[in-house]
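Quick note: the coordinates plus some simple rules give every number you see, no bench work behind them. Everything numeric in this text was worked out from a predicted model, so none of it was measured. We place every Cβ from the backbone using ideal geometry, glycine too, and count neighbours over all the protein chains shown.
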Amino acid sequence: MSRPSTPRTVAVLGATGTIGRQVAAAFTRAGHEVLGVARRPAPHTARHPFVPLDVAQADPRDIADLLAERNVEVVVNATGGWVVTEEAMHHAHVRLVERMLAGVAKLPTRPRVVHVGSIHEYGFVSPDPDGIDESVPPEPTTPYARTKLAGSQAVLEAARTGDVDGVVLRPVNVCGPHPSEASFLGTVLNRLRALAPGERLELVIADAARDYVDVRDVASAVLVAADAAAAGTVFNIGRGEAPTMRELVTTLVEAAGFPPGTVQETGGAVESKGGGWTKADIRRAERVLGWRPAIGLRASLHDMWKAAG
C-alpha cells in the first residue's frame, strides 16, 4: 500500500516530454512543489520552477548539489523517448540514469526515485490472456528496448544495494494529450490535422496488437509510486487490453470526427521499438499501489485530438 503523502519537492527529469509534463501536472495538483529539469524549457514549464540541465552530461556532484539545494524528496526520471540512433538511446536511457543515480547516492538523505521504463524491456512475448507480468524475464531485441532495460536494471541494482530508494514503472505505449510527434500516434495525429476536406490519408499500419494507456494514468501511477513502500519493485502499467493497431487508428479517426474510409491502408515496412504484441498484467500495481487506469481509450484519443487544437 501507499504511505500517506505530505507536500514535498519533486524533481521531474524530462519535464518537457509527453510523460514528464503530465507527471509535473499531477504532482502540482496534489499539492507538491515541482522542479522541472530538462535540457531546454518549454512553454508549459513556466508553471513551476525549472532548471535547464543535461543530466547525462552533468557531474554527479552538481546533480547532488541541485537536489540538496532544492530539498528534493522525490526524483522522477521521465526522460528518454523516440530518439533515433543507438548512441542517442544509450545517452538518454543509460548514461543519464547512471549520472542521476550517482548524484542521488551522494545525498545524506535518499529521495524516492521513480524511474519510468518501458513494457518493451520484456522483448517479444507470445500472446497470453493474462498479459505480461513482472515475472517475465526481460529479453529485449531492439536497441530501444535494450537501452531502456539497462536503465531500469541500474535503478533496481542501486535499490538492492541501498544506494537509492527506487522503484521502476514499465508503462505500455501511451496515448492522450500532447503525444511525441515521433511516435506512431503523434505522426497519425499530425497527418490527420493536415488533411484537406474530403482528402484521404494513406497509412502503413503494423500488423500488431498493443496495449495503450493514457499518459495521465501513467502520471497517476507515478504519483502513488512516489509514496509506496515498495523499494526495488517493478510495476507494469497499462490498460490490460491489446487492441490491434488498425482498431487504434479507427478509434482515433472516429474520435476526431472524420468519416469512415478516411484512412486508406497501404503496404510497406513498419519500424518498431518493441514486440508486436503487448498487454500489461497490472495486478501488482492494483494490489500494491492501489492503482487502476481511469481513462478509456476512446476518451484518451478524443482528448489527444482536442489538445492538438
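Taking the longest Cα principal axis of the chain as reference, the axis of helix 60-69 is set at about 80 degrees. May I ask you to derive the relative contact order of the chain, considering only C-alpha pairs under 8 Å and at least 6 residues apart, and to give it as an integer percent? It rounds to 21 percent for the chain. Backbone phi angles across segment 149-161, fed through the Karplus curve with coefficients 6.51, -1.76 and 1.60 (θ = phi - 60°), yield HN-Hα couplings of 5, 4, x, 5, 5, 5, 5, 5, 5, 5, 5, 5, 7 Hz in residue order; Gly and Pro are listed as x.
As a rough guide to protection, the peptides 61-68, 38-45 ranked by mean Cβ packing within 10 Å, highest first, stand as 61-68, 38-45. GNM remark for the chain: springs join alpha carbons under 10 Å apart, and the peak mean-square fluctuation among Val104, Val84, Val125 falls on Val84.
Helix 18-29 and the long axis of the chain differ in direction by around 60°, with both axes built from C-alpha atoms.
Taken about its Cα centre, segment 238-309 carries a charge dipole of roughly 380 debye when the Cβ of each Lys and Arg holds +1 and the Cβ of each Asp and Glu holds -1. Where a ≥ b ≥ c are the square roots of the eigenvalues of the C-alpha gyration tensor, would you call segment 1-126 rounded, which needs a/c under 1.5, or, failing that, prolate if a/b is larger than b/c, or oblate? In terms of gyration-tensor shape, rounded. Once C-alpha pairs closer than 8 Å and six or more residues apart are averaged by separation and normalised to the residue number of segment 4-49, the relative contact order reads 42 percent.
Here the scattering of segment 152-309 is modelled by Debye summation over its C-alpha atoms, one equal scatterer each and no solvent; at q = 0.14 Å⁻¹ the log10 of I(q)/I(0) is -0.75. Taking the inverse of the mean 1/r over every pair of distinct Cα atoms in the chain gives a Kirkwood hydrodynamic radius of 19.7 Å. For segment 1-70, what does the alpha-carbon gyration tensor say about shape, rounded, prolate or oblate, given a ≥ b ≥ c as the root eigenvalues, a/c under 1.5 as rounded, and a/b over b/c as prolate? Oblate. The H on the amide N of Thr278, modeled in the peptide plane, is under 5 Å from the matching H of Ala209, Arg210, Asp211, each at least 5 residues off or on a different chain. Taking amide H as placed 1.01 Å from N in the peptide plane, the amide H of Val34 sits under 5 Å from that of Val10, each at least 5 places away or on another chain. Over the chain, dividing the summed -39,500 (n - 2.57) contributions of all DSSP H runs of at least 4 residues by the number of residues returns a 222 nm mean residue ellipticity of -9500 deg cm²/dmol. Assuming charge only on the beta carbon of Lys and Arg (+1) and of Asp and Glu (-1), the dipole of the chain about its Cα centre is about 720 debye to the nearest 20.
Just the projected area, averaged over all directions, of the convex hull on the alpha carbon atoms of segment 127-238: how many nm²? Convex hull of Cα atoms, orientation-averaged projection: 9.3 nm².
For segment 145-195, relative contact order (Cα pairs under 8 Å, six or more residues apart, normalised by length) works out to 18 percent. Toward the positive end of the charge dipole of the chain, with +1 on the Cβ of Lys and Arg and -1 on the Cβ of Asp and Glu, the farthest Cα among Met304, His90, Ser183 is that of Met304. For segment 85-125 and segment 216-264, what is the separation of their C-alpha centers, rounded to whole Å? Centre-to-centre distance over Cα atoms comes out at 22 Å. In order along segment 209-224, the Karplus-derived 3J(HN,Hα) couplings, from 6.51 cos²θ - 1.76 cosθ + 1.60 at θ = phi - 60°, round to 10, 9, 6, 10, 10, 5, 4, 6, 5, 4, 4, 5, 5, 4, 4, 6 Hz, and Gly and Pro are given as x.
For segment 94-106, putting each phi into the Karplus relation 6.51 cos²θ - 1.76 cosθ + 1.60 with θ = phi - 60° gives couplings of 10, 4, 4, 5, 4, 5, 4, 5, 5, x, 4, 5, 7 Hz, in residue order, rounded to whole numbers and with x for Gly and Pro.
Residues whose amide H comes within less than 5 Å of that of Val263, counting only those at least five positions distant or on another chain, are Leu201 (H built at 1.01 Å from N in the peptide plane).
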